[in-house]
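Remarks on the structure that follows.
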Amino acid sequence: MTQRVELAIVMDRLAVDEVITEYAVAVDDGDWEAYRKLFAPDGRADYRSAGGIEGNAEQVAGWLDESLQLFSMRQHLIVNRRIRFGALDQHTDDTARVQADYVNPMRFAKEEQGDEGDGSTAPDFVCGGRYAFGLLRTYDGWRLTEVVVEEKWRRLPERRPQAVVN
């Protein structure tokens, strides 16, 4: 392999990794315009294993916008990224597959204005699992063709016992 080819591979790996990071930031910040721009025109996402929907980027962005309003804080951590490049129509390295684990701590929004809750800023809902991302090199750079969420676990807040009044 020549140095030029090795450099191109490194640059592609960095660009693909950047798309995955931008995906996490867009979801955490609720930036649905940025979320949509990460996808190729026919890109799709599948959140069914986490109780969500499957659809195109527009449909899924709308569902995420509505669903994630329950949480005042979201922090997506996408780790253990495994990137593999493939070929499309005899052109080498035009596609990429990324398998990555995630942990997603979130904090429920206060139910009523003025509700101080328990005063904690710690997350009270945490889930984790694995992503499968498909990407395609386009004229505009790498874009998502597929996002599949495989939620493996979740921890819900513990219910506190209510005081019994006699």
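The values are calculated or read from the model by the stated rules, or taken from the named source; none is laboratory data. What you are looking at is a predicted structure, and each value in this text was computed from that prediction instead of being measured. Cβ atoms come from the backbone with ideal geometry, glycine included; neighbour counts cover every protein chain shown. SASA here: full protein model, heavy atoms, side chains in, ligands and nucleic acids out. Shrake-Rupley method; radii C 1.70, N 1.55, O 1.52, S 1.80 Å.
I'm trying to understand the selection: among the residues of the range 128-148, which are open to solvent by less than 40 Å² (accessible area, probe 1.4 Å) and under 14 Å from Ala57 (Cβ atoms)? It would help to see each step written out before you state the result.
We begin by selecting, within the range 128-148, every residue open to solvent by less than 40 Å² (accessible area, probe 1.4 Å); these are 128-129, 131-135, 141-142, 144, 147.
Scanning the range 128-148 gives Phe133, Gly134, Leu135, Leu144, Val147.
For the range 9-27, give me each residue that is open to solvent by 30 Å² or more (accessible area, probe 1.4 Å) and under 14 Å from the mean Cα position of the chain (by Cα).
Of the residues in the range 9-27, the ones open to solvent by 30 Å² or more (accessible area, probe 1.4 Å) are 9-11, 13-15, 17-18, 21-22, 25.
Scanning the range 9-27 gives Asp17, Glu18, Thr21, Glu22, Val25.
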Legend entry - Odd one out for Glu6 among (1) closer than 22 Å to Gly141 by Cα; (2) open to solvent by 60 Å² or more (accessible area, probe 1.4 Å); (3) at pLDDT 95 or above: (3)
Inset, instruction - Could you name every one of the strands (runs of 3 or more DSSP E) located completely within the range 19-135 that has at least 1 residues being modelled with pLDDT under 95? - result: 71-74, 77-88, 91-108
Inset, instruction - Can you tell me which residue within the range 40-53, out of those that are of a type outside the set (Ser, Thr, Tyr) and under 14 Å from Leu144 (Cβ atoms), is surrounded by the most Cβ atoms within 10 Å (Cβ to Cβ)? - result: Ala45
